[in-house]
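A short write-up of the structure that comes next.
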Amino acid sequence: MKTFCTVLFVSLLSLGSSAFGQRLADLSPPVMDYVSVAEPVFAITSVTVIDGTGSPAQPGQTVVVQNDMISAVGDDGSVSIPEGAFVIDGSGHTLIPGMVGLHNHTFYMTSKRSIQLNYTAPRLYLASGVTTIRTTGSNAPYAEINLHSAIQNGDVPGPYIYATGPYMTGGSGMSSMTRLDGPEDARRLVKYWAEEGVTWFKAYTQISREELAAAIDEAHKNGVKVTAHLCSVTYQEAVAMGIDNLEHGLFANTDYADNKVADECPAGFRTTMASLDLASDEVQSTYQAMIDNDVAMTSTLAVYEMYVPDRPPLEQRVLDAMSEEVRGEYLVRREQIAREGENAPFSEALFRKAQEYEYEFYRAGGLLAAGVDPTGYGGALPGYGDQRNYELLLEAGFTPEEVVQIMTLNGARVLGIDGKVGRVQSGMVADMVLINGDIVNEPATIRNVVTVFRNGVGYDSKSLIDSVNGEVGVR
Ligand SMILES: [Zn+2]
């Protein structure tokens, strides 16, 4: 993989001047088809800015971009617009930082299939306002690494990709994953893929403590990081090993299972979760361990919501994006879950508890970020599911500004790029999302993305979506 390493090296060098490459001059004609703002100097006026830091939404703002950087943000009239700048009237619109999706696979699952989406996923992410993704578990690492290169080279539209190594699980784990055979096996795998260019690893439910500890140690020696969807290893155990991030909040946490046996996934460990006391010592000590050791939590509410009867609201645009067969499978499974009622995989009460669990973690001082996880049985699509997370985190009790922070700046913090992206502030890379509507008072308008700026280049959301409709689940 010499070619990739060279490309990566060159693109890393260019990080010095801006962030993530893919400059206008590098964009190929097929990518230019989706570009609606190509002017190197532009201003958005009269727009409501939610800047990503958690501070209150500011109406009547002017944001100036020069080349690929935000050069000024302030009240209309107080910010001078450079001579000759292209001006976009932002009245009636909200501007937020580009989303940083931390559980954003490039593959997709339904009840009957699992397929790589190298064509539709990057387009849907970008169209929805997700400008950076960490794939957090890969079924095809070379497909991801090469997709990343293709995007950076300007050959295809998409977000900046932090590629992940193959899933690491134990002997009885899923067939698409690496079934580790002891700690040395874990080290061998981590070393190989770190050299190939992945930046994160994802451990999965059946991994042993010994294997996970070895994987984390080897990853850190190689300058890369580890996150996990756990079960056989508890949160507290993984934190003690030095893990960097934990996925899915309460849903994958076996700290509170009475029947927990070391290195085994306890049967039915979620059954009593709905009545978990979040003020209890056991919960508070998980929070404290994560906070003391800088371990972030990734919220993935959109994928779990699918398993709760009559959730989420059925969206026509989701059905439109799916291929015909996939749409059929999705609707059948959704119907089944609705019929199961109280016997459905997740109850409304458990889902609410998981939302509260994330809310209290954040309130205690924990670093909470978010991602879509386009798996389950196919209802949380790349990008669309990230937008749904906005509503689900509001439902959890966060303010709109806090949710924007969780979905933007906090993701950037986990990836260590918060000095470059995640905020609409002067000196940051111009990764921003222009939304037609007031997402504070009308949350559903988060779906009305007009233009997504990545590295100062504006992409037309609608044309990106038009290019994938009917194709999700196929390519
Ligand atoms: Zn996942």
- Residue set Thr445, Thr399; condition more than 20 Å from Arg23 (Cβ to Cβ) and in the same structural domain as Met290 (by TED's automatic domain parsing); output residue Thr399
- Note on the structure: Scanning region 146-177 for residues that are surrounded by fewer than 24 Cβ atoms within 10 Å (Cβ to Cβ), away from the ligand (no atom under 16 Å from the Cβ) and not in a loop (DSSP other than H, G, I, E, B) gives Asn146, Ser149, Ala150, Ile151, Gln152
- Take region 23-68 and flag every residue that is loosely packed, with under 15 Cβ neighbours inside 10 Å, outside any loop (DSSP other than H, G, I, E, B) and either in contact with a helix residue (DSSP H, G or I) (Cβ under 7 Å, 6 or more places away or on another chain) or among the aliphatic types (A, V, I, L, M) (or both). Ala25, Met32
- Could you figure out which of (1) touching a Lys or Arg at 6+ places or on another chain (Cβ under 6 Å); (2) crowded, with 17+ Cβ neighbours inside 10 Å isn't true of Phe269? (1)
- Please determine, by comparing only the residues of region 235-261 that are among the polar types (S, T, N, Q) and either touching a helix residue (DSSP H, G or I) at 6+ places or on another chain (Cβ under 6 Å) or more than 17 Å from Leu278 (Cα to Cα) (or both), which one is modelled with the lowest pLDDT. Asn259
- Message: Just to check your reading of the model, which residue among Ala396, Ala380, Ala430 is away from the ligand (no atom under 16 Å from the Cβ), in contact with an Asp or Glu (Cβ under 9 Å, 6 or more places away or on another chain), under 25 Å from Tyr459 (Cα atoms) and touching a residue at least 12 places away in the same chain (Cβ under 8 Å)?
- Response: Ala430
- Within region 246-273, the count of residues that are more than 16 Å from the ligand (Cβ to nearest atom) and either acidic (Asp, Glu) or outside the structural domain of Ala302 (by TED's automatic domain parsing) (or both) comes to 4
- Item | Tally, over region 178-226, of residues that are part of a loop (DSSP other than H, G, I, E, B), more than 20 Å from Gly416 (Cβ to Cβ) and of a type in the set (Gly, Ala, Ser) | 2
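If you go through region 376-394 one residue at a time, do you hit one that is over 30 Å from Glu325 (Cα atoms) and over 16 Å from the mean Cα position of the chain (by Cα)?
yes
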- Check Val440, Val449 and return the single one that is buried (at least 24 other Cβ atoms within 10 Å of the Cβ) and either of a type in the set (Lys, Arg) or at pLDDT 95 or above (or both). Val449
- Query: Under the condition of being farther than 15 Å from Ala214 by Cβ and either small (Gly, Ala, Ser) or in a loop (DSSP other than H, G, I, E, B) (or both), which residue from region 228-243 is nearest to the chain's Cα centre (by Cα)?
  - Reply: His229
- Note on the structure: Out of (1) at positive phi; (2) assigned by TED's automatic domain parsing to the domain that holds Ser280; (3) not acidic (Asp, Glu), the one Gly437 does not meet is (2)
- Query: Taking the stated definitions as given, is Gln336 surrounded by fewer than 17 Cβ atoms within 10 Å (Cβ to Cβ) and part of a helix (DSSP H, G or I)?
  - Reply: yes
- Message: Quick check on region 111-126: of everything there that is more than 18 Å from Ser461 (Cα to Cα) and basic (Lys, Arg), which residue is nearest to the ligand (Cβ to nearest atom)?
- Response: Arg113
- Task: Could you please let me know if Thr300 is within 16 Å of the ligand (Cβ to nearest atom) and among the β-branched types (Val, Ile, Thr)?
- Result: yes
- Across region 69-88, which residue is surrounded by the fewest Cβ atoms within 10 Å (Cβ to Cβ) among those that are part of a loop (DSSP other than H, G, I, E, B) and in contact (Cβ under 8 Å) with a residue 40 or more places away in the chain? Gly84
- When region 132-145 is examined, which residues are found to be within 16 Å of the ligand (Cβ to nearest atom) and touching a Pro at 6+ places or on another chain (Cβ under 8 Å)? Ile133, Ser138, Asn139, Pro141
- Item | Selection status of Arg311, within 29 Å of Val226 (Cβ to Cβ) and outside any helix (DSSP H, G or I) | no
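One line per residue, one yes/no per condition, for (1) more than 22 Å from the chain's Cα centre (by Cα); (2) among the hydrophobic types (A, V, I, L, M, F, W, C); (3) within 16 Å of the ligand (Cβ to nearest atom); (4) farther than 30 Å from Leu393 by Cβ:
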{"position": "Leu27", "(1), (2), (3), (4)": "yes, yes, no, yes"}
{"position": "Ser36", "(1), (2), (3), (4)": "yes, no, no, no"}
{"position": "Ile50", "(1), (2), (3), (4)": "no, yes, no, no"}
{"position": "Ala57", "(1), (2), (3), (4)": "yes, yes, no, no"}
{"position": "Ile81", "(1), (2), (3), (4)": "yes, yes, no, yes"}
{"position": "His103", "(1), (2), (3), (4)": "no, no, yes, no"}
{"position": "Thr106", "(1), (2), (3), (4)": "no, no, yes, no"}
{"position": "Met109", "(1), (2), (3), (4)": "no, yes, yes, no"}
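The values are calculated or read from the model by the stated rules, or taken from the named source; none is laboratory data. Just so it is clear, the structure is predicted and the values come from calculations on it, not from any experiment. Positions of Cβ are backbone-derived with ideal geometry, glycine not excepted, and every protein chain shown enters the neighbour counts.
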